[in-house]
1. Taking the range 9-51 as the search range and keeping residues that are touching a helix residue (DSSP H, G or I) at 6+ places or on another chain (Cβ under 9 Å), outside any strand (DSSP E or B) and over 21 Å from Pro136 (Cα atoms), which one is least open to solvent (accessible area, probe 1.4 Å)?
2. Please specify each residue of the range 32-59 satisfying the condition of being among the β-branched types (Val, Ile, Thr), free of Cβ contacts under 8 Å to residues at least 60 places away in the same chain and under 19 Å from Ala8 (Cα atoms).
3. Suppose the filter is of a type in the set (Lys, Arg), touching a strand residue (DSSP E or B) at 6+ places or on another chain (Cβ under 6 Å) and farther than 18 Å from Leu7 by Cα; does Arg113 pass it?
4. Does Thr121 qualify as being without any contact (Cβ under 8 Å) to a residue 24 or more places away in the chain and of a type outside the set (A, V, I, L, M, F, W, C)?
5. What's the number of the condition Met5 fails, among (1) over 16 Å from the mean Cα position of the chain (by Cα); (2) free of Cβ contacts under 8 Å to residues at least 60 places away in the same chain; (3) within 22 Å of Asn119 (Cβ to Cβ)?
6. Somewhere in the range 21-28, is a residue more than 24 Å from Thr121 (Cα to Cα), at pLDDT below 95 and aliphatic (A, V, I, L, M)?
7. From the list Gln98, Gln172, Gln162, which one is open to solvent by 70 Å² or more (accessible area, probe 1.4 Å), of a type outside the set (Val, Ile, Thr) and farther than 22 Å from Trp53 by Cα?
Amino acid sequence: MTNAMVLAELEDLQQVLARAAYSCQIRPLGRFSRVLIAENPYAAVAIVDTESWEKLVELVSDLQAELTRLALTSERSAIRWDLYVMVHVRTPVLQSVQTELADRIESDTKFARKYVRVNLTRELSVLDRALRPFLPLRPAATLTVTEPLDLVREELVTEGIQADLVDHVLRQFSATGEVSIP
């Protein structure tokens, strides 16, 4: 089994969120012995692992209540957080994904947004995609704009046409919008 096939742990999720400028810690919270709590000025995220679909609704409800309590008792009362709850269902043996249950949980947006993720691997691209609702927007890609006629010139010269003939034709095209070969 390669590293890519190893299921992600809370520590793996913590690394991705920490790179996105979240303050993170894995700690007990209410009835949960290990919860990843990630905070930034805009959001508080609580993430737990489970290996069963059984009582998932109750687990999410309890985690949401604990996160809400944490947000209400925070010393930083000036912070206005959006609250997010995520459950990573780790089922190493083949089981069907209970999409109806996951959809029902995720469609309930009262008090907090909820997400169910199943069998996340340690691959950075997988974790990035799974955590995208919490991650900040990325800057727009910087694209280099190239003059199309320069590309045409380069291609024609590469194909073996004499550079001076290509230059003459492209100058003529730039001036008149037409091409005539001498």
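1. Gly30
2. Of all residues in the range 32-59, those among the β-branched types (Val, Ile, Thr) come to 35, 37, 45, 47-48, 50, 57.
Subsequent filtering for residues that are free of Cβ contacts under 8 Å to residues at least 60 places away in the same chain retains 35, 37, 47-48, 50, 57.
Residues satisfying the conditions are Val35, Ile37, Ile47, Val48, Thr50.
3. Values: of a type in the set (Lys, Arg): yes; touching a strand residue (DSSP E or B) at 6+ places or on another chain (Cβ under 6 Å): yes; farther than 18 Å from Leu7 by Cα: yes.
Spelling it out, Arg113 is indeed of a type in the set (Lys, Arg), touching a strand residue (DSSP E or B) at 6+ places or on another chain (Cβ under 6 Å) and farther than 18 Å from Leu7 by Cα.
4. When the stated conditions are applied, Thr121 does not pass them.
5. (2)
6. Filtering the range 21-28 down to residues more than 24 Å from Thr121 (Cα to Cα) leaves none.
No: zero hits.
7. On the way: Gln98 fails: farther than 22 Å from Trp53 by Cα; Gln172 fails: open to solvent by 70 Å² or more (accessible area, probe 1.4 Å).
Just a single option satisfies the conditions, and that option is Gln162.
The values are calculated or read from the model by the stated rules, or taken from the named source; none is laboratory data. Computed from a predicted structure; not experimentally measured. Here the Cβ is made from the backbone with ideal geometry for all residues, glycine too, and neighbour counts use every protein chain on show. All accessible areas refer to the heavy atoms of the entire protein, side chains included, with ligands and DNA or RNA removed. Shrake-Rupley method; radii C 1.70, N 1.55, O 1.52, S 1.80 Å.
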